[in-house]
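Have a look at the structure below before the remarks.
The values are calculated or read from the model by the stated rules, or taken from the named source; none is laboratory data. Since the structure is predicted, the reported quantities are computational estimates derived from the model, not experimental observations. Cβ placement follows ideal geometry from the backbone for every residue including glycine, while neighbour counts extend to all protein chains displayed.
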Amino acid sequence: MPICIECRFPVEALYTAYSKADDRSLGKGVRLTQCPRCKRFADKYVEHDFVVLFIDLVLIKPQVYRHLLFNRLGRDDDKFDRSILRLGILLLLFDVYLTWARIEKLSLPPSSPHLSSPSTTTPSSATSPHHPSPQTTNAALLQAQPLILQYLFFLLLVLSSTLSFHLPIRLLCSLNPLHIPSPLRSLYRRLVPYYPHPTPLSTALLVSSCTKLFPILLIIWDYDLPSSATAVSWAVIVNNIAALEILMDCGYLRAGVLVGLGAGLRSAVADFVLRGVGLGTGWAEGVGDQVPLGGRRVADVVGLVRGVLGKG
């Protein structure tokens, strides 16, 4: 059932079409429903195009998230909408490009046999730590492999790290608190909200990850890749926390706990895979769509979100 994007009150319909001859996309023949509680339009985004939706997503407006998660992409059969599946594939493939571009610029681990020996390094090839030579980066190992093998490796890396981010959030929220032992039940309820529908959770995380598409500008302009990755990663984290809070109405602290746990597991999985094949990690620069939290406290992330959203 659709809801009012302003006050979350259920409404029977978002609009009334009184003339089938007119084109709804042009705003003709459609009368928006007025919410009986707040007396505002139940969903003004019915008449807005995708550009306006994307801008408001970047601005983290709760109304546009409610429009997408409840009124447009929500389904009664708890399955993914086709547009979300297409968005997920697009984000996955674009994340492969970003991850590939970052990892090949990171330094190889000191124990790697592919590092050039000091005797073969000439003074003219010596570079600063911020700009290592190709002989000391992951590119030296990657370029020795076929191109198709490189792509498949990064595709599996991004896929496994993405799943490791979504699955713990879905599992923790769908776990009934009554199944938790009584000594831990109270703490679990305080930290993890109960939400028995896992598909909307993944939908919210995918929709809020659209910010990661901003580095497409790297194709046009040459930015500092690590700095850009860090900025985009924090932006995606903020959007993920906001999307979960808007979906479950659970507060930013508990949404931050979920995102922190998912990002931590994502970091561990990707780090394990990279180290297993002998590549340097360098997670400070960020791999994938988020900077893993590692030892950072979840409270720091929540404080950042509250500062951005302007809510105490």
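Checking the stated criteria, residue 148 turns out to be loosely packed, with under 14 Cβ neighbours inside 10 Å, hydrophobic (A, V, I, L, M, F, W, C), assigned by TED's automatic domain parsing to the domain that holds residue 212 and at pLDDT 85 or above.
Results for (1) modelled with pLDDT under 90; (2) among the hydrophobic types (A, V, I, L, M, F, W, C); (3) in contact with a strand residue (DSSP E or B) (Cβ under 6 Å, 6 or more places away or on another chain); (4) not in a helix (DSSP H, G or I), shown as yes or no for each residue.
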position	(1), (2), (3), (4)
209	no, no, no, no
232	yes, yes, no, no
238	no, yes, no, no
259	no, yes, no, no
278	yes, no, no, yes
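Does residue 98 satisfy the criteria of being of a type outside the set (Gly, Ala, Ser), crowded, with 17+ Cβ neighbours inside 10 Å, outside any loop (DSSP other than H, G, I, E, B) and at pLDDT below 90? In short, yes.
Out of 264, 276, which single residue is in contact with a Gly (Cβ under 9 Å, 6 or more places away or on another chain) and surrounded by fewer than 22 Cβ atoms within 10 Å (Cβ to Cβ)? Let's see the steps before the verdict.
Details: 276 fails: in contact with a Gly (Cβ under 9 Å, 6 or more places away or on another chain).
On inspection, the qualifying residue turns out to be 264.
Yes or no: the stretch 23-41 includes at least one residue that is hydroxyl-bearing (Ser, Thr, Tyr), more than 21 Å from residue 75 (Cα to Cα), at pLDDT below 90 and assigned to a loop (DSSP other than H, G, I, E, B).
The initial filter retains those residues of the stretch 23-41 that are hydroxyl-bearing (Ser, Thr, Tyr), namely 25, 33.
With the extra rule that they be more than 21 Å from residue 75 (Cα to Cα), the set shrinks to 25.
After this cut, where a residue has to be at pLDDT below 90 as well, the list is 25.
With assigned to a loop (DSSP other than H, G, I, E, B) added as a condition, the list becomes none.
No, every residue in the stretch 23-41 fails to be hydroxyl-bearing (Ser, Thr, Tyr), more than 21 Å from residue 75 (Cα to Cα), at pLDDT below 90 and assigned to a loop (DSSP other than H, G, I, E, B).
Here residue 296 passes the criteria (1) surrounded by fewer than 15 Cβ atoms within 10 Å (Cβ to Cβ); (2) assigned to a helix (DSSP H, G or I); (3) modelled with pLDDT under 80 except the one numbered (2).
Any idea which residue in the stretch 172-200 is nearest to residue 252 (Cα to Cα), counting only those that are surrounded by 13 or more Cβ atoms within 10 Å (Cβ to Cβ) and charged (D, E, K, R)?
Initially, the stretch 172-200 is screened for residues surrounded by 13 or more Cβ atoms within 10 Å (Cβ to Cβ), giving 172-175, 177, 180, 185, 188-189, 191-195, 197-200.
Retained after the next criterion (residues that are charged (D, E, K, R)): 185, 189.
Values: 185: 20, 189: 14 Å.
If we take residues in the stretch 172-200 being surrounded by 13 or more Cβ atoms within 10 Å (Cβ to Cβ) and charged (D, E, K, R), then 189 is nearest to residue 252 (Cα to Cα).
Number of residues in the stretch 73-111 that are of a type in the set (S, T, N, Q) and over 19 Å from the mean Cα position of the chain (by Cα): the value is 2.
Within the stretch 245-257, identify whether any single residue is of a type in the set (Phe, Trp, Tyr) and modelled with pLDDT of 90 or more, and answer yes or no. I'd like the intermediate steps shown before the answer.
Start the filter on the stretch 245-257 by keeping residues that are of a type in the set (Phe, Trp, Tyr), which leaves 252.
So of that shortlist, the ones also modelled with pLDDT of 90 or more come out as 252.
Checked the stretch 245-257: at least one residue is of a type in the set (Phe, Trp, Tyr) and modelled with pLDDT of 90 or more.
Listed here are the residues, each with its yes/no results for (1) free of Cβ contacts under 8 Å to residues at least 12 places away in the same chain; (2) assigned to a helix (DSSP H, G or I); (3) surrounded by fewer than 18 Cβ atoms within 10 Å (Cβ to Cβ).
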{"residue": "45", "(1), (2), (3)": "no, yes, no"}
{"residue": "63", "(1), (2), (3)": "no, yes, yes"}
{"residue": "68", "(1), (2), (3)": "no, yes, no"}
{"residue": "74", "(1), (2), (3)": "no, no, no"}
{"residue": "89", "(1), (2), (3)": "yes, yes, yes"}
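The set of residues in the stretch 201-214 that are surrounded by 21 or more Cβ atoms within 10 Å (Cβ to Cβ) and farther than 16 Å from residue 238 by Cβ comprises 201, 203.
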